[in-house]
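These notes concern the structure reproduced below.
What follows draws every value from the coordinates through simple rules; no lab data is involved. What you are looking at is a predicted structure, and each value in this text was computed from that prediction instead of being measured. Using ideal geometry, Cβ is built from the backbone for each residue, glycine included, and neighbour counts are taken over all protein chains shown.
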Amino acid sequence: SAVISQKPSRDICQRGTSLTIQCQVDSQVTMMFWYRQQPGQSLTLIATANQGSEATYESGFVIDKFPISRPNLTFSTLTVSNMSPEDSSIYLCSVRGHQNAEAFFGQGTRLTVV
Amino acid sequence: QKEVEQNSGPLSVPEGAIASLNCTYSDRGSQSFFWYRQYSGKSPELIMSIYSNGDKEDGRFTAQLNKASQYVSLLIRDSQPSDSATYLCAVNFSGGYNKLIFGAGTRLAVHP
């Protein structure tokens, strides 16, 4: 399985500001995804990070709020923009090697917006 | 209808017993299914994957899949207190982008 490094591991941010989360994988992977896990809830897919093109967002998530970059096959960033307390959550980077493969997760970023 | 459904629990079992976790899904075209374990404050870790109807065993864990009934389950034999965690069912939905959709998770508590 790939080694996935996600940072920061946690942050406390002021409302109205933005935070960029980085995800670095130790090998090239076909698919990268970003999930959100709100307190006591399961994982909700935010978007699929596409290498060299715009991310594919799930219903309820928009590019202006969650811009995503994926410049190559080992790195992606998720930005949480214009944050509000409702954005307080754990954000997880996930990778899959191919269609139908299992997913592996980074350590997560615990975000608190005050 | 939720895309992937699990009983939220908590499911409480005594140490040494069999824990049975269940999951149903809505996409009849799904081909791959996964069980993850998540300890509090940690990210999910893969326990089992299953792709064909029937049973798949790995140590104390057995995954069972019935595509006709759109049902997947996880059995944990000889449950240990260290198995206490939230178990997430994940289904690879057909269609574009091969996204994994997660159930709400079942919280398992194994008591001595």
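With only the Cα atoms considered, segment B:1-63 has a convex hull volume of 121 Å³ per residue. Remark on segment A:56-114: Rg and Dmax equal 13.0, 39 Å (Cα only).
Based on the Stokes-Einstein relation at 10 °C and a viscosity of 1.306 mPa s, and on the Kirkwood radius from alpha carbon pairs, the protein assembly as shown is assigned a translational diffusion coefficient of 88 µm²/s.
Rounded to the nearest angstrom and listed largest first, the equivalent-ellipsoid semi-axes of chain B from its Cα gyration tensor are 24, 15, 12. Report the Cα centroid-to-centroid distance between segment B:1-68 and segment A:18-56 in angstrom, as an integer. Answer, in whole Å: 23.
What the Kirkwood sum gives for chain A is a hydrodynamic radius of 14.0 Å, with every pair of different alpha carbons counted. Distance from the alpha carbon centroid of segment A:87-105 to that of segment A:66-83 works out to 14 angstrom. For B:Phe93, the residues whose amide H sits under 5 Å from its own are B:Lys99, B:Ile101, ignoring neighbours fewer than 5 places away on the same chain, with H placed 1.01 Å from N. With contacts taken as Cα pairs under 8 Å and at least 6 residues apart, segment A:1-91 reaches a relative contact order of 32 percent. Here r is the Cβ-Cβ distance between A:Ser18 and B:Leu46 and R0 is 30 Å; the resulting FRET efficiency, rounded to 0.05, is 0.40. For segment B:56-108, place one equal point scatterer on every Cα, skip the solvent, and apply the Debye formula. What is log10 of I(q)/I(0) at q = 0.27 Å⁻¹? Those come out to -1.19, one per q. In order along segment B:54-68, the phi-based Karplus estimate (6.51 cos²θ - 1.76 cosθ + 1.60, θ = phi - 60°) of 3J(HN,Hα) comes to x, 10, 9, 10, 8, x, 7, 9, 10, 9, 10, 10, 9, 5, 4 Hz; Gly and Pro are listed as x.
Look at the alpha carbon pairs under 8 Å that are at least 6 residues apart: their mean separation over the length of segment A:36-89 gives a relative contact order of 29 percent.
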